[in-house]
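Every number here is computed from the coordinates shown, using simple stated rules; none is lab data. Every value quoted in this text rests on a predicted model; they were computed, and no experiment measured them. Neighbour counts run over all protein chains shown; Cβ positions are idealised from the backbone, glycine included.
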């Protein structure tokens, strides 16, 4: 259920000191102001300078001015957020942003040693994330959308505004006369998320006014189902793990249903190697396992940036050139 921004901040209880990811835009401005008011002297801001557009320097100057007025320490972290071939610009920018947040907060010379980090995604962002996942044919991990709290690199990250509508954030800022910057890339309809925001959300608002609440409920259901699948996968992994080897016992794996094989393989690849297979790759691997009825049958196929291979009675995975693995 969506709530006012003030109520979301009232129940927000992170470990302090707190770092706020601060772009200078409306959402992060509201989050920074609210947190600085609630915990004076216990909040720092981190501005990630992506260097992808001419306005980036203006954004950084604006953030310096706002933080100086609030008496909030500001850490500006410059990153190279250009995307690699085959990678979406949004994914590249997001990965660079979280790497920068981690680096800024844990840097020995940080303006404030923070125990947790808050980011400003809100209820509309959650809907956009779910619709993007649906448009890409994602499974339960994608349909679970964004968690309100998660761990990364020893830090706890929070999204305290996930239950607050974007319009409520803008209204809160307007009542305070707070200034913020508008990122010109938000109007670029070449980006899928912007098309959803500009074209789909207004239609949903008109036809289904409670869509933020119902979509969030669906995301929670998906997240719960994903947790159950992970529990099942952990139990199956104990049954089929190859003793003394870094792999899965093929005969034991073949005793599982195809659906349980797929669930286990996704879990094993992600948990053991940080690898996320594409749907077509996983289907091919399952077909190979189904045909693996003799010792002579070999498996050596590309899966998630590396290779799934048969070695004796075990299925293993290796990456000849470690690096980021593509996601489905």
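Annotations
- A Gaussian network model of the chain, with springs between Cα atoms under 10 Å, assigns the largest mean-square fluctuation among 222, 36, 110 to 110.
- Residues 294, 214, 316, ranked from the fewest to the most other C-beta atoms within 10 Å, line up as 294, 214, 316.
- Most mobile of 60, 19, 296 in a GNM of the chain (Cα contacts under 10 Å): 296
- Selected from 43, 303, 280 as most flexible by GNM, with the chain as the system and alpha-carbon contacts under 10 Å: 280
- Ranked by how many other Cβ atoms sit within 10 Å of their own Cβ, fewest first, the residues 2, 29 fall in the order 2, 29.
- Helix 89-106 and the long axis of the chain differ in direction by around 70°, with both axes built from C-alpha atoms.
- Its relative contact order, with pairs defined as Cα atoms under 8 Å and 6+ residues apart, puts the stretch 5-215 at 24 percent.
- Between residue 113 and residue 61, residue separation times 0.36 nm minus the direct Cα-Cα distance comes to 16.4 nm.
- Here's the picture: a label point sits 7 Å out from the Cα of residue 286 along the beta-carbon direction, and within the stretch 260-276 the residues with their amide nitrogen under 11 Å of it are 260-266.
- Exposure proxy ranking, count of Cβ atoms within 10 Å, fewest first, for 173, 130: 173, 130
- Axis of helix 56-70 versus longest Cα principal axis of the chain: the two differ by about 60°, to the nearest ten degrees.
- Beta bridges by DSSP in the chain, antiparallel share as percent, to the nearest 5: 50 percent
- Rounded if a/c under 1.5, otherwise prolate or oblate - the stretch 241-318, Cα gyration tensor axes: rounded
- Spin-label model, residue 319 to residue 251: label points 7 Å out along the Cα-to-beta-carbon direction sit 3.3 nm apart.
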